[in-house]
1. Send over the per residue convex hull volume for region 112-157, Cα only, as a whole number of Å³.
2. Using R₀ = 41 Å, calculate the FRET efficiency as 1/(1 + (r/R₀)^6) where r is the Cβ-Cβ separation of Val512 and Arg14; round to 0.05.
3. Which percent of Cα pairs goes in each bin when the distances of region 433-520 are cut into 10 angstrom slices starting at zero?
4. If one computes the Cα centroid of region 260-296 and of region 396-440, what distance in Å separates the two points?
5. Here are several values of Rg and Dmax of the Cα atoms in Å: (i) 44.1, 146; (ii) 30.8, 90; (iii) 28.3, 94. Which one was derived from the coordinates shown?
6. Computed FRET efficiency, Cβ-Cβ of Asp183 and Ser107, R0 41 Å: what is it to the nearest 0.05?
7. Between 0 and 90 degrees, rounded to the nearest ten: what's the tilt of helix 88-98 against the longest Cα principal axis of the chain?
8. For Lys315, list the aspartates and glutamates whose Cα falls under 18 Å from its own Cα; do not include residues on the same chain fewer than 8 positions away.
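The values are calculated or read from the model by the stated rules, or taken from the named source; none is laboratory data. Keep in mind that this is a model prediction, so the values were computed, not measured. Because the Cβ atoms are built from the backbone with ideal geometry, glycine has one as well, and the counts that use them run over all protein chains shown. These area figures cover heavy atoms from the full protein model, side chains too; ligands, DNA and RNA do not enter into them. Shrake-Rupley method; radii C 1.70, N 1.55, O 1.52, S 1.80 Å.
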Amino acid sequence: VLACIREPGRIEERPSLESLLAGLDRSQLQALVVWLVERWPDLIDAIEAKLQASFATPTVSLAPPAQAGPTAAKDEALRQRRTPVDTTVYRRQVRVALHSLDRMRASEAYWHVGEVVDEIRQVLRQAQDFVTAGDGRTALAILEAITEEYMAGWIYLDDSDGEASAFFADMAPVWTEALLTADLTLEERQAWARKLTKWQGELDNYGVEEAFDAALAAAHQGWDSPPLVRVLQGKITEKGVWEGEAPWFADDLAVARLNVLERQGRYQEYLYLAEAEGQTERYVTMLVRLGRVQEAVNYGLQYLDTPEEALTLAKALREREEFQNALRIAEYGLSLQGPRAPLATWLSELALGMGEAEKALEAATIAFRDSPTLSAYLRVKHLADTRWPEIKQDLLAYLKGKGYIENKVDIYLEEGMVNEAVQVVDTQPYMGYGVLERVVDAAIQSHPDWVIQQCRQQAESIMDQGKSRYYDHAVRWLEKARAAYRAVDREAEWQAYLHQLITHHRRKYSLVPRLEALRR
């Protein structure tokens, strides 16, 4: 952005890809694709996968709420395509990504593990696309290919940061939804359960435990578990869909089931399951989507647990233009335990739009007290109007006793309270460069001695240790020190100090020319 502002003539405005392709006929487009693949052969895998996802997968048409039900969903499942996809393309994509680091040194490959995992996540998203489209069988075939290839190669990646093993957490919910989406027989579910059990056994050896627990439960239970069947019929007990104590993955499995029910248009069953499994946020938002607004509000006022849940319901009500109900739920949410800043900020904007200026100011103040950022501070200032001097003192007094160091600095500098910002920095043994630099810039005129001390300390630390990669940072600190010396007419002292530095570091040939340039 700075380059665009300062040198607009260097910015090249190119036509969009759509406009470039708009004038090409079929043969020209084909020739272009062939040329691209010849130049970058790996593109063929992406093209094959995209073609399969785009043209081989049907789009499931969800029934409207009034007509939805198990029979309609079953009929839709039976109409799904049974032609298997070619999974070799997905296998190749995973394999190529896993082996992309083979020629790198271990120390270099370490920095690229995240990129490899991200590439494989792109393949995983293609399986998710089939799940979303309602084609669970195809998704399972792709997931099997991805999992087998990844299981064979992930152990050769450097997992020091846990990036390689974290992929199993991404894959698990897709497996769970795919198993619940596909119209599988008991024998098929058992076969998938055996494969998942085998993979999990291998992962246990590497400390990646319980990765497939929810998927295994989906394979074992399907939609036939007696407690689940009872819940979907509206027979809800305190145990929900479990005969005994709910396992650790109960929420994950519940979310997967709710996603499938929603895609299949089985809304009443969705509500029964959400209520039984304590998925309050999903329960009330679905009620709103179905037009059962008052029911959602009453339920929310009784069962919402956190400000985050209240915010979700309030947003859903706002989308339906139920402004008063949205305001009511949001205000109630502020009485719940948990982080309140996101809800309070949102409520402030809603209240202001409704002409409730006092409520907007009250919510903005709560947002600041919960998370005293500069933006929250400025919002209170904007809403306070003529009351700002009084409210300002209250906010600053509140801020003084808190430990939000960077926030304090930002607000103090906004108010021109440089001395207070300097005191904050002085009380901290460790301070990020960004925070310190902002205070130094603001304090050059008012606290030149302090600025000189801070800048010399930062610069000398870099230069004395010979950190050549950071010499530019050292020079920047010295430039600020020079500005402070000159602010109090101590040019001779600055030049003497600089001469001392040049003499001391005379053997550091990459540093000396930069120091010489500071004489000007």
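1. On the way: hull volume 2.2 nm³, N = 46.
Considering the Cα atoms of region 112-157, their hull volume per residue is 49 Å³.
2. Values: r = 43 Å, r/R0 = 1.05.
Computed FRET efficiency for Val512 and Arg14 comes out at 0.40.
3. 18, 54, 26, 2
4. 47 Å
5. (ii)
6. The formula returns an efficiency of 0.25 here.
7. 30 degrees
8. Straight-distance partners of Lys315: Glu281, Glu295, Asp305, Glu331, Glu349, Glu356.
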